[in-house]
Amino acid sequence: MEAPIIILGVVILALIVISVFLSFVPIGLWISALASGVHVSFGTLIGMKIRRIQPKRLVYPLIKANKAGLNLTVSKLETHFLAGGNVDRVINALIAAQRANIEMAFEKACAIDLAGRDVFEAVQMSVTPKVIETPIVAAIAKDGIELRAKARVTVRTNIERLVGGAGEETVIARVGEGIVTTVGSADTHKQVLENPDLISRTVLQKGLDAGTAYEILSIDIADVDVGRNIGAQLMMDQAEADRRIAQAKAEERRAMAVAHEQEMKAAVQEMRAKVVEAEADVPRAMAAALREGKLGVLDYYQMQNTIADTTMRDSIAKASQPQSGMPETKK
């Protein structure tokens, strides 16, 4: 009775050990790697499980790299995976670069991937150039005519400058700056319309791809349209501003003239008031002169006769003048 029980216990213990072993070691994955010529030890697979790494995310890319002839190890792939990289994308990029005869080291590909760029797409763009279409750029020639241009920029990836190089936005901005510079330096807008390639030549000569992750192959002007006459509009705005300034100055002069007229009227009224006041003092002065004997009665009457004679002469002179609006009668 004891022998069968012991055998049953051994079998159960063996099953438990095997189940625990299989939970840590994916036998199917190990067999696939072994059949592909990639040796991955059980200790390596168990270590991946302990570090909470899915072994298939490293073993399958390693098999792919081994089939492509890339000399890589599980340790390198695991290091890149733990750093937060995409191992499968890096392997695909290395295989694509190898097929296109592009030199790319594994460390370089890992650095590009960790920098946040799609390394596989970068290799594809290096083989097949990409066309970037700029938005419509408005520029003004020296004659004041606005031109609206749109360009197509053909670029390919520069693997050496992919880490730390500027992106598409910088290329588009620099091309737009070149378009504005070229159109702005033209004497007339007709020069640009007759020779659109003038923009392409000028932009290419500036070396706009410096410091970017791309190499500009060509710049083609897709469309050039004539916009507004900015020069004429500015002249109209300046004329309107000058008119308003002149109108304001004229209004200021009119207000000053009105104020001066009011001041003169006030001065005249003040003088009249002083004259009336002086005339009111004349009778008192004459009465005082009569009382004091400084003026005789005959002198007073003589002065009155002189005043009456002066008044009469004034009335005769006014009567002899022709009336306003009536022609003078010829004798």
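Restrict the search to the range 36-114; then list the trypsin sites (Lys or Arg not before Pro) that DSSP places in a loop and that have at most 13 other Cβ atoms within 10 Å of their Cβ. Intermediate results must be reported in sequence, preceding the final value.
Values: sites: Lys49, Arg51, Arg52, Lys56, Arg57, Lys64, Lys67, Lys76, Arg89, Arg99, Lys108; in loops: Arg51, Arg52.
Here the trypsin sites (Lys or Arg not before Pro) that fit, given the DSSP loop and packing criteria, are Arg51, Arg52.
Springs between alpha-carbon atoms under 10 Å, Gaussian network over the chain: tell me which of Met271, Met236, Met312 tops the mean-square fluctuations.
Among Met271, Met236, Met312, the largest GNM mean-square fluctuation belongs to Met312.
How large, in percent, is the carbon and sulfur part of the accessible surface of the chain at a probe radius of 1.4 Å?
Values: 12770 of 22070 Å².
Answer for the chain is 58 percent, counting heavy atoms of protein chains only.
Taking only the alpha-carbon atoms of the range 219-270, what semi-axes of the equivalent ellipsoid follow from 5 times the gyration tensor eigenvalues under a square root, in whole Å, largest first?
Equivalent-ellipsoid dimensions as semi-axes: 55, 6, 4 Å.
Taking the solvent-accessible surface of protein heavy atoms with a 1.4 Å probe, what is the per residue accessible area of the range 68-159 in Å²?
Numbers: 4410 Å² over 92 residues.
Accessible area per residue: 48 Å².
Hey, what does the equivalent ellipsoid look like for the range 198-311, semi-axes from the Cα gyration tensor as sqrt of 5 times each eigenvalue, largest first, whole Å? Don't jump to the answer; show the numbers that get you there.
Values: eigenvalues 1782, 48, 15 Å².
Sorted largest first and rounded, they come to 94, 16, 9 Å.
Viscosity 1.306 mPa s, temperature 10 °C: Stokes-Einstein D of the range 28-72 from its Kirkwood Cα radius, in µm² per second?
The diffusion coefficient I find is 149 µm²/s.
Grab the Cα-Cα distance for Gln304 and Lys318, subtract it from 0.36 nm times how many residues apart they are, and report the gain in nm with one decimal.
2.9 nm
State to the nearest 20 debye the size of the charge dipole of the chain about its Cα centre, where the only charges are +1 on K and R beta carbons and -1 on D and E beta carbons.
Dipole size: approximately 820 debye.
Under a cut-off of 17 Å between alpha-carbon atoms, report the aspartates and glutamates in cross-link reach of Lys108, not counting same-chain residues fewer than 8 places apart.
Glu78, Asp88, Asp118, Glu121, Glu160
Could you do me a favour and compute the accessible area per residue for the range 223-285, 1.4 Å probe, result in Å²? Intermediate results must be reported in sequence, preceding the final value.
Details: 5460 Å² over 63 residues.
On a per-residue basis, the range 223-285 sits at 87 Å².
Using a Gaussian network for the chain with springs between C-alpha atoms less than 10 Å apart, which of these wobbles most: Thr134, Thr311, Thr202?
Result for the chain, Cα springs under 10 Å: Thr311 fluctuates most.
Rounded to two decimals, what is Rg over Rh for the range 249-312 when you use alpha-carbon atoms and the Kirkwood radius?
Values: Rg = 20.7 Å, Rh = 15.3 Å.
Computed over Cα atoms, the ratio is 1.36.
For Leu217, what residues show an amide H to amide H distance below 5 Å, using hydrogens built from the backbone and excluding near sequence neighbours?
Close amide H contacts, sequence-distant or interchain: Thr154, Val155, Arg156.
Roughly how large, in nm² to one decimal, is the mean projection of the convex hull of the alpha-carbon atoms in the chain? Don't jump to the answer; show the numbers that get you there.
On the way: hull surface 212.9 nm².
Spelled out: convex hull of the Cα atoms, projected over all directions, averaged, 53.2 nm².
In whole Å, what are the extents of the range 91-215 along the principal axes defined by its C-alpha atoms, from largest to smallest?
Cα extents, longest axis first: 56, 23, 21 Å.
Take the Cα coordinates of the range 45-131, assign each an equal point scatterer, and use the Debye formula without solvent to give log10 I(q)/I(0) at q = 0.19 Å⁻¹.
-0.81
Using the alpha carbon gyration tensor of the range 183-245, what are the three equivalent-ellipsoid semi-axes (square root of 5 times each eigenvalue), largest first, in whole Å?
Working: eigenvalues 252, 45, 18 Å².
For the range 183-245, the semi-axes come out at 35, 15, 9 Å.
Within the set of other residues whose C-beta is less than 12 Å from the C-beta of Ala213, count the net charge using Lys and Arg as +1 and Asp and Glu as -1. Display every interim value, and only then the final one.
On the way: positive: Arg117, Lys130, Arg156, Arg161; negative: Asp118, Glu121, Glu160, Glu168, Glu169, Asp209, Glu215.
Once positives and negatives cancel, what remains is -3.
The values are calculated or read from the model by the stated rules, or taken from the named source; none is laboratory data. Model, not experiment: these values are computed from the prediction. Cβ: placed from backbone, ideal geometry, glycine included. Neighbour counts: every protein chain shown. Ligands, DNA and RNA are stripped out before the accessible areas are found, and what is left, the full protein with its side chains, is counted by its heavy atoms. Shrake-Rupley method; radii C 1.70, N 1.55, O 1.52, S 1.80 Å.
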